[in-house]
Amino acid sequence: MAVTNNLKVFKDSAWLGWQMEANWTDPFLFLTYSIVKPIAGTLILVLMYIVVTGGETANAFFSYMYVGNAMYMFVAEVLFGVTWVIHDDREHYMTLKQVYIAPMNFYMYIMGRSAIKIAITSFGVFITILFGVVALDVAIDLTSIDWPLLALSLVLGLASICILGLALGGVSFLTAKHSIGINEGLAGVFYVLSGVVFPITILPTWAESISRFLPVTYWMEAVRRGMEPGVMRELADTSGYDVTGMSNVSDLTIMLYLLISVGVFFALSIGVFRIADYIARKKGKIDWTTAY
Amino acid sequence: MPHAVETQSLTRIFRPKKKKEGSVVTALDSVDLRIERGELFGVLGPNGAGKTTLLKILSTLLLPTSGKAYVAGLDVEKDLTAVRERINMVSGGEISGYGLLTVRENLWMFSQFYGIKSKEAHARIEELLARFGLSSKAKAKVRTLSTGERQKMNVIRGFVTNPEIVFLDEPTLGLDVNAARAVRDFVMDWVQSDRNRTVLLTTHYMMEADELCDRIAIIDGGKILACDTPNNLKKTVKMNTTLTLSVYGLGGINGFDNIPGLNSYTSYKDVESGTTKLRFVLEDESCVSEIVSEVVSKGSRIMSLQKTEPTLEDVFIKLVGRGLA
């Protein structure tokens with residue numbers, strides 16, 4: 001019964017999320033926006049890379065960087081999306097207190113609202129990678145993709161991001177309009193520390209130690225191994241050293257690390273959310289407005 | 001059966017983060033209340049009296065500083081989901097709502113969060129939209145509604161889930177006369193149609209409290225100053241009833257002196273219109289008929305008659321020492 005109720009809340013919240021995300025314009029404009037936005041965002045990095053390297057994109061490191069950057073869209077969009085649910089409901093639509101006192105699983109509500117963000121971002125990631133393969137020689141070979149590894153890592157990785165988002169959602173109860181800045185800041189930390197475009201081995205030792213604690217680091221490694229196994233091998237061969245710092249670690253071990261870090265962050269995030277929820281009720285911040 | 005609402009020494013203190021942001025505010029100070037099932041209970045007080053704070057605690061939005069609060073016998077601090085299954089809340093002046101959804105979609109979505117079956121929810125939504133004159137707006141986007149229409153939609157949202165206990169926080173605030181009347185009539189009908197339904201209404205409109213509520217708690221500075229039926233509260237005011245007559249062709253006023261139960265009287269003659277305004281202060285209301293007889297026996301015609309009794313405002317002034325406005 002509880003599972004059925006939770007699934008229903010998830011479904012209804014996802015429907016609401018879809019209305020929020022897509023109902024502001026006509027379908028054609030929304031589709032155009034969904035294609036142009038991720039490509040335009042990626043081109044910023046591509047142009048910088050081309051300027052620095054003199055136009056060379058057909059190499060292993062470009063593919064490494066391009067895929068990492070494309071997958072990072074999930075991190076940025078989902079973290080932003082989850083905290084935006086709290087912010088938007090509370091300050092813009094002023095519905096948070098009504099949603100909050102409804103007898104439903106609030107986690108399911110947030111996850112449902114965020115699910116649609118993941119779906120839209122997935123489309124953006126797909127378009128970006130397709131664009132990379134077709135226009136920029138990103139080395140992804142459909143015949144060599146390790147589909148089970150890719151699928152499992154995507155599921156675990158997205159779960160880890162949603163879990164992190166949940167903690168940020170809790171923090172958003174307590175913060176005013178700067179909650180947006182907090183999630184952007186945290187997303188930036190993941191960008192630098194999780195091997196998105198910079199391998200973690202080029203970081204200072206202390207920063208690399210933090211990287212090895214983060215689920216996104218293992219997610220990036222697992223996704224790349226699943227999506228572009230040839231690139232990962234070439235990167236290790238041509239550079240002459242262990243660029244990612246995990247070349248000698250098996251796929252199974254990487255997935256195990258990912259699973260463990262997701263578990264740890266799940267416990268931490270639920271704890272943070274509950275504490276933040278308690279403090280918000282104690283301080284009367286569930287229904288405050290600060291931005292509009 | 002447990003009370004619909006019970007509070008025991010309920011206290012809520014707000015402390016500013018920094019001293020310069022103001023002083024400590026005691027929004028609720030040892031509030032003890034017991035509201036029976038089936039009651040339409042009013043909390044009457046000025047702005048800042050603690051009314052909204054009380055409702056926020058009861059609806060699980062806010063934790064008390066000390067004391068206990070129970071809704072349907074359930075602890076609002078511990079039994080969150082069970083409390084939420086039984087309640088809903090509507091705040092006056094509320095313009096909330098997902099602007100991109102239609103009115104019907106918005107109401108349906110909230111009903112789903114309460115686990116109402118979709119078909120049943122749609123039937124209730126149509127019925128309530130019709131009751132509040134919003135049927136023509138069912139397909140309108142919420143963002144296109146006027147402030148009053150949004151507020152009516154929010155009242156519907158509060159009742160569409162068929163809660164046992166509804167908390168109404170100044171529900172008619174900002175509504176025009178007709179819309180406010182529609183809300184009051186609906187609330188009255190709703191609570192009277194089922195003995196298990198309870199409404200806790202906060203307001204600073206005396207007339208609204210007097211008209212709607214079975215019992216009223218008068219609150220100021222976070223303290224409950226009095227709690228009783230409107231009539232019993234009015235009886236606590238030692239104020240004599242006054243009778244004002246506008247009379248045409250009054251010859252003299254000597255005959256009133258010997259009427260038992262009459263405390264005093266004054267007269268004012270308007271020479272231009274030929275009418276005399278008589279104001280009698282009564283110790284005993286049974287003397288009204290003798291006063292009227294005396295006026296008529298003098299061959300005068302009564303143009304108007306007005307009896308003035310103590311109001312809730314008089315009760316409030318007596319308890320607080322100032323008016324509600």
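Once you keep just the Cα pairs under 8 angstrom separated by 6 or more residues, what percentage relative contact order results for chain A?
Answer for chain A is 27 percent.
Could you tell me how far the Cα centroid of the range B:55-128 sits from the Cα centroid of the range A:100-116, in Å?
If we compute the Cα centre of each part, the gap is 14 Å.
Pairs A:LYS97/B:LYS20; A:LYS282/B:LYS223; A:LYS282/B:LYS78; A:LYS97/B:LYS152; B:LYS20/B:LYS78: which exceed 24 Å Cα-Cα?
Numbers: A:LYS97/B:LYS20 29 Å; A:LYS282/B:LYS223 21 Å; A:LYS282/B:LYS78 13 Å; A:LYS97/B:LYS152 18 Å; B:LYS20/B:LYS78 34 Å.
With Cα atoms farther than 24 Å apart: A:LYS97/B:LYS20; B:LYS20/B:LYS78.
So how do A:LEU142, B:LEU319 line up by other beta-carbon neighbours within 10 Å, fewest first?
A:LEU142, B:LEU319
Dipole size in debye (nearest 20) for the range B:5-235 around its Cα centre, Lys and Arg Cβ +1, Asp and Glu Cβ -1?
Values: 34 positive and 29 negative charges, 165 e Å.
That gives a dipole near 800 debye.
List B:TRP108, A:TRP288, A:TRP84 from most exposed to least, where exposure is judged by having the fewest other Cβ atoms within 10 Å.
Numbers: B:TRP108 19, A:TRP288 15, A:TRP84 23.
Ordered from fewest to most neighbouring Cβ atoms within 10 Å, B:TRP108, A:TRP288, A:TRP84 come out as A:TRP288, B:TRP108, A:TRP84.
Report the relative contact order of the range A:73-168, percent, no decimals, based on alpha-carbon pairs under 8 angstrom and at least 6 residues apart.
Taking the mean separation of contacting Cα pairs over the length of the range A:73-168, I get 51 percent.
Calculate the spin-label point distance for B:GLU127 paired with B:ASN196, positioning each point 7 Å from the Cα along the beta-carbon direction, and give it in nanometres.
Distance between the two pseudo-spin positions: 1.5 nm.
So how long is each side of chain B along the principal axes, counting just the alpha-carbon atoms, biggest first, in Å?
73, 48, 46 Å, listed from the longest principal axis down.
Take B:ASP214, A:ASP237, A:ASP12 and order them by how many other Cβ atoms sit within 10 Å, fewest up front.
A:ASP237, B:ASP214, A:ASP12
Across peptide B:69-81, how many C-beta atoms of other chains are within 10 Å of each residue C-beta, on average?
Working: counts 0, 0, 0, 0, 0, 0, 0, 0, 1, 0, 0, 5, 4.
Taking the mean over all residues of the peptide, I get 1.
Give a residue-ordered list of calculated ³J(HN,Hα) values for the range A:196-211 (Karplus: 6.51 cos²θ - 1.76 cosθ + 1.60, θ = phi - 60°; whole Hz; x for Gly, Pro).
Values per residue, Gly and Pro as x: 5, 10, 9, x, 5, 6, 8, 7, x, 4, 5, 5, 5, 4, 5, 3 Hz.
Compute the Rg/Rh shape ratio of the range A:108-214: radius of gyration over Kirkwood radius, all on alpha-carbon atoms.
Checking Rg against Rh, the ratio lands at 1.01.
Give the relative contact order (percent, whole number) for the range B:5-235; include only Cα pairs under 8 Å separated by 6+ residues.
Over the range B:5-235, the number comes to 29 percent.
At 20 Å minimum axial length over the Cα atoms and a Kyte-Doolittle cut of -0.5, report the qualifying DSSP H helices in chain A, or say none.
Result, helices passing both filters: A:2-22, A:27-53, A:60-87, A:106-136, A:147-174, A:179-193, A:251-283.
Calculate how many DSSP beta bridges within chain B are antiparallel, expressed in % of all such bridges and rounded to the nearest 5.
Details: 43 of 62 bridges.
Counting only bridges with both partners in chain B, antiparallel ones make up about 70 percent.
Just how large is the dipole of the range A:2-283 about the Cα centre, in debye to the nearest 20, putting +1 at every Lys and Arg Cβ and -1 at every Asp and Glu Cβ? All intermediate terms of the calculation are to be shown ahead of the outcome.
Working: 16 positive and 20 negative charges, 258 e Å.
Here the size comes out at about 1240 debye.
Going by average Cβ density within 10 Å per residue, which order do the peptides B:266-272, A:95-101 take, highest to lowest?
Most protected by this proxy first, the peptides run A:95-101, B:266-272.
How big is D for the protein assembly as shown, in µm² s⁻¹ as a whole number, if Stokes-Einstein is applied with the Kirkwood radius of its Cα pairs at 37 °C and 0.692 mPa s?
Details: Rh = 28.9 Å.
Roughly 114 µm²/s, to the nearest whole number.
What is the mean number of Cβ atoms from other protein chains located within 10 Å of the Cβ atom of each residue in peptide B:244-257, rounded to a whole number? Could you put the intermediate results ahead of the total?
Working: counts 0, 0, 0, 0, 0, 0, 0, 0, 0, 0, 0, 0, 0, 0.
Shielding by partners across B:244-257 averages 0.
Taking the DSSP beta bridges in the protein assembly as shown as the whole, what percent of them are antiparallel, to the nearest 5?
Beta bridges within the protein assembly as shown, antiparallel portion: roughly 70 percent.
Read the figures in this text as sums done on the coordinates, not as results from a lab. Please read all numbers here as calculations on a predicted model, not as lab measurements. Cβ atoms come from the backbone with ideal geometry, glycine included; neighbour counts cover every protein chain shown.
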